[in-house]
2 protein chains.
Amino acid sequence: MVGYKHYLENIRDLTDGKELLSSGMTQEVDRCRAALERARDGAVVAFVSSGDAGVYGMAGLALELAANEGFPLPIEIVPGVSAANAAAARLGAPLMLDYACISLSDLLVPWETIRRRVEAMAAADLVLALYNPKSAKRVLQIEEVAAIVRQCRAGTTPVGVATAVASEDERIVLTDLDHLLEQEIGMRSVVIIGNSSSKCLNGWFVTPRGYRL
Amino acid sequence: MVGYKHYLENIRDLTDGKELLSSGMTQEVDRCRAALERARDGAVVAFVSSGDAGVYGMAGLALELAANEGFPLPIEIVPGVSAANAAAARLGAPLMLDYACISLSDLLVPWETIRRRVEAMAAADLVLALYNPKSAKRVLQIEEVAAIVRQCRAGTTPVGVATAVASEDERIVLTDLDHLLEQEIGMRSVVIIGNSSSKCLNGWFVTPRGYRL
């Protein structure tokens, strides 16, 4: 089993008795290559990602590397519950209508591209699920996003901040667009910004789908 | 346990010995009200949705109805693997970068709103995951979407059609934008349209995230 070491620690009940290969957070390519090499050498390898491996996870990198470096391996992608879906379930039902997942990390995508996407989503009244909204070094992006969306939506638009969902550090905050930047947001947070029809109902964040009740 | 009858049949291993309330496909509001009433009367009720209950599912309706009709109930939303994520895993890794989920059903949202969203997503180079792309009566929407996206992206842009994923009727087709409309697409299909960087690698649909390999 290959994975970022904290992820493997989180699934100790599944790793017992297995050979483990782990490494630090930023060594994705090395970790992925190690997984493919072990598989090429005959092992059945589980390459562990958090959330859904297909959403900002390791599935794409594994397929790219296997193709680029000529590993003719049978690969199966196992889908999972992505962070936006887990966050949404804790907050209520904010993703009931059309929504976009956007990562604010500009490590692999230029900020100009990300900003242009946020502008388009905001204008098209999509619910926004923001991955990697903020880190210790990257704090301005979420401020810019809040300002862009505020131009198209009311300050009272519901916003959820879900941090470390399903861990013992889980923290769920339901706020609004005008108070988003006052919240504690970090590397393990997902921020969900409602559209023009989203509302708070009994403490739940709901984007109504349009049923007549 | 309350749910659309085919969904309950799909989880027979979990329903054994439980009281079941089921109804047909279009009676969502009645089904939801029945679930809330049984809970108000003291039962522990599981209200079953397919995929993720929070994405075009029943979670929002349940919360809305509970608020509107004054059911002061403890409710827990359990997240799941949504159809786009399940489809993506079978196709490869098309959702590795920013993407939007859009339903082409105009039963609850005006087509004009949906069309405007598709135009914005196409221009912003987002991967598109299309839910409810086509039904027996609703066939023009997917044609319009293909034409809109074609204005912004090459005809060779990878497109996946995943139908009835994880059932015995599962059918996975990897094609491109110029050949999308020749494919068999139905009520149980999800269509994923790549962005300008998406490609086919060894038969997999991959949207590279930008790692240097």
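The values are calculated or read from the model by the stated rules, or taken from the named source; none is laboratory data. This is a predicted model, so every value here is computed, not measured. Don't worry about glycine lacking a Cβ; one is built from the backbone with ideal geometry, like all the others, and counts go over all protein chains shown. SASA here: full protein model, heavy atoms, side chains in, ligands and nucleic acids out. Shrake-Rupley method; radii C 1.70, N 1.55, O 1.52, S 1.80 Å.
Residue by residue, segment B:157-164 carries 3J(HN,Hα) couplings of 4, x, 9, x, 10, 10, 10, 6 Hz when phi is fed to the Karplus relation 6.51 cos²θ - 1.76 cosθ + 1.60 (θ = phi - 60°); x denotes Gly or Pro.
Cα centroids of segment A:37-75 and segment B:163-178: 22 Å apart. Taken over chain A, the percentage of Cα pairs per 10 Å bin, counting from 0 up to the bin with the maximum distance, is 8, 31, 31, 20, 10, 1. Its Cα centre serving as origin, chain B has a Cβ charge dipole (Lys and Arg +1, Asp and Glu -1) of approximately 440 debye. Think of segment B:72-140 as a dipole: +1 on every Lys or Arg Cβ, -1 on every Asp or Glu Cβ, centred on the Cα centre; then among B:L126, B:L140, B:A88, B:L140 lies furthest on the positive end. Computed per residue of chain A from DSSP H runs no shorter than four, each worth -39500 (n - 2.57), the mean residue ellipticity at 222 nm is -9500 deg cm²/dmol. A label point on A:L107, set 7 Å along the Cα-to-Cβ line, lies at 4.2 nm from each of its counterparts in the other copies, closest listed first. Phi angles of segment A:3-18 translate, via the Karplus equation with coefficients 6.51, -1.76, 1.60 and θ = phi - 60°, into HN-Hα couplings of x, 4, 4, 5, 5, 5, 5, 5, 10, 4, 5, 9, 9, 4, x, 8 Hz per residue; Gly and Pro are given as x. Principal-axis analysis of the Cα atoms of chain A puts helix A:140-152 at an angle of about 40° to the longest axis.
Restriction of the GluC sites (Glu not before Pro) in segment B:9-104 to DSSP coil positions whose beta-carbon has at most 16 other beta-carbons within 10 angstrom yields B:E19, B:E69, B:E76. Would you mind classifying segment B:77-158 by shape? Square roots of the alpha carbon gyration tensor eigenvalues, ordered a ≥ b ≥ c; an a/c under 1.5 is rounded, otherwise it is prolate if a/b is larger than b/c and oblate if not. In terms of gyration-tensor shape, oblate. Within a straight-line Cα-Cα reach of under 28 Å, B:K134 can be paired with the following lysines, leaving aside sequence neighbours fewer than 8 residues apart in one chain: B:K5, B:K199. Classify segment B:102-213 as rounded, prolate or oblate from the Cα gyration tensor: take a ≥ b ≥ c as the square roots of its eigenvalues, call it rounded if a/c is under 1.5, otherwise prolate when a/b beats b/c and oblate if not. Cα axes put segment B:102-213 in the oblate bin. The C-alpha atoms of chain A define a longest principal axis, and helix A:111-123 lies at about 40 degrees to it. Ligands, DNA and RNA aside, B:W204 has an accessible area near 60 Å² when probed at 1.4 Å. Of the Cα atoms belonging to segment B:25-144, the radius of gyration and Dmax stand at 17.0, 51 Å. For the pair A:I172 and A:R188 in one chain, pulling the backbone fully straight at 0.36 nm per residue adds 4.6 nm over the alpha carbon distance.
Diffusion coefficient (Stokes-Einstein, Kirkwood radius over C-alpha pairs, 4 °C, 1.567 mPa s) for segment A:88-136: 110 µm²/s, rounded to a whole number.
Distance between the modelled labels on A:E144 and A:D16, one decimal in nanometres: 4.9 nm (7 Å Cα→Cβ projection). Straight-line reach from A:K18: taking Cα to Cα under 15 Å and skipping same-chain neighbours fewer than 8 places apart, the aspartates and glutamates in range are A:E9.
The convex hull of the Cα atoms of the protein assembly as shown, projected and averaged over all directions, covers 20.7 nm².
Per-residue 3J(HN,Hα) values for segment A:47-59, derived from phi via the Karplus relation 6.51 cos²θ - 1.76 cosθ + 1.60 with θ = phi - 60°, read 9, 9, 10, 8, x, 9, 4, x, 10, 6, x, 9, 4 Hz in sequence order (x marks Gly and Pro). Going by accessible surface with a 1.4 Å probe and the largest first, A:F47, A:F71 read A:F47, A:F71. For the protein assembly as shown, a crude dipole built from +1 on the beta carbon of Lys and Arg and -1 on the beta carbon of Asp and Glu, taken about the Cα centre, is about 460 debye to the nearest 20. Diffusion coefficient (Stokes-Einstein, Kirkwood radius over C-alpha pairs, 4 °C, 1.567 mPa s) for segment A:135-176: 108 µm²/s, rounded to a whole number.
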